[in-house]
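**Q** Quick one: structure below, then a few questions.
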Ligand code: GDP
Ligand code: MG
C-alpha cells in the first residue's frame, strides 16, 4: 500500500533508522544530511526527521529520513514511527556484538509495524574502530543474505559508505516504483 501511495505523489520516500541505542543512527543521519559528526552525542526524546534530496538516474528524489531520537532506549518506538515507511536502515555497531544480536528483534518489529516489502539495508557502523571489532564483516554479510537484506559497513566518523548506505535504499525503492508504473 505504502508503495502505490507514494508513486503518485512526488517521489518522497519515508525511510526509518532503527537499531539499538548508541550504534550511531543519529550520526549517520547527521553525516549524510549535514556532513556533521558529534563525538559525544546525547539522544534527545521525541521523533525527528530530515528531508534530503538524492539524485537517482538524473531524477531528484526526496528521502524523508526518520530518527528514533532516543525512543529505542526505552523500547518505545511507536507504530507511528514506522507508518508508511518504504525503506529502513537497520544499524548495529561492529564493536558491540549485543547490538548485532538484536537485529532479529528489530526485523520482527519492522515487519509488525510496516509493509513486508520495506526495502531494508543492514548497516554495520563504526568500521573505523578497527582494534575493537566484535562482529566480522562476513557475519553481517551472511545474516543479510539469510534475511534478504542489503548489507554495508559504514563509519559516520570517517564518512566511509554513509552516502552509499542511504543511496542503496533510495535507488531500490525508486526502481521498484518505476517497475510498478510501467
Ligand atoms: P544512536 O543512539 O544510534 O543515535 O547513536 P549516536 O549517533 O548518538 O552515536 C552514539 C555514539 O557513538 C556517539 O558518541 C557517537 O559519536 C559515536 N559514533 C557514532 N557513529 C560512529 C562511528 O562511525 N565511529 C565511531 N568511532 N563512533 C561513532
Ligand atoms: Mg540517536
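We did not get these values from a lab; they are worked out from the coordinates using the rules stated. Quick caveat, the model's predicted, so the values are computed rather than measured. Please note: Cβ atoms are built from the backbone with ideal geometry, for glycine as well, and neighbour counts cover all protein chains shown.
**Q** In which sequence would 133, 105 go, from the one with the fewest C-beta neighbours within 10 Å to the one with the most?
**A** Ranked by crowding around the Cβ, least crowded first: 105, 133.
**Q** Between residue 171 and residue 73, what is the label-point separation in nm under the 7 Å Cα-to-beta-carbon projection?
**A** Here the modelled spin labels are 3.6 nm apart.
**Q** Note down the relative contact order for the stretch 11-180 as a percent, whole number, built from C-alpha pairs under 8 angstrom at least six residues apart.
**A** 26 percent
**Q** What are the equivalent ellipsoid semi-axes of the stretch 87-182, built from the alpha-carbon gyration tensor (square roots of five times its eigenvalues), in whole angstrom, biggest first?
**A** Output for the stretch 87-182: semi-axes of 25, 16, 10 Å.
**Q** For the stretch 36-143, take N as its residue count and report Rg(C-alpha) divided by 2.2 N^0.38 Å.
**A** 1.16
**Q** Provide 130, 14 in ascending order of the number of other Cβ atoms located within 10 Å of each residue's Cβ, fewest first.
**A** 130, 14
**Q** Among 114, 21, rank each residue by its count of other Cβ atoms within 10 Å, from fewest to most, as a rough exposure measure.
**A** So the ranking, lowest neighbour count to highest, is 21, 114.
**Q** Per-residue ellipticity at 222 nm for the chain, helices alone: DSSP H runs ≥ 4 residues times -39500 (n - 2.57), over residue total, nearest 500 deg cm²/dmol?
**A** It comes out at -10500 deg cm²/dmol, rounded to the nearest 500.
**Q** Tell me the angle of helix 103-113 to the major Cα principal axis of the chain, expressed in degrees between 0 and 90 and rounded to the nearest ten.
**A** 30 degrees
**Q** Evaluate the stretch 24-87: find the radius of gyration of its Cα atoms, find its Kirkwood radius, and give the ratio Rg to Rh.
**A** 1.01
**Q** Another one. Based on alpha-carbon centroids, what's the gap between the stretch 136-182 and the stretch 60-109 in Å, whole number please?
**A** Cα centroid of the stretch 136-182 versus Cα centroid of the stretch 60-109: 14 Å apart.
**Q** Moving to a separate point now. Compute the long axis of helix 162-181 from its Cα atoms, compare it with the longest principal axis of the Cα atoms of the chain, and write down the angle in degrees, 0 to 90, nearest 10.
**A** 30 degrees
**Q** Rg and Dmax of the stretch 52-107, using alpha carbons, in Å: what are they?
**A** 14.3, 41
**Q** On average over all directions, what projected area in square nanometres does the chain have, based on the convex hull of its Cα atoms?
**A** 9.9 nm²
**Q** Using only Cα atoms and rounding to the nearest 10 degrees, what angle (0 to 90) does helix 137-147 make with the longest principal axis of the chain?
**A** Once rounded, one gets 40 degrees.
**Q** Return the equivalent ellipsoid semi-axes of the stretch 116-164 as a descending list in whole Å, where each equals the square root of 5 times an eigenvalue of the C-alpha gyration tensor.
**A** They are 21, 14, 6 Å, listed from largest to smallest.
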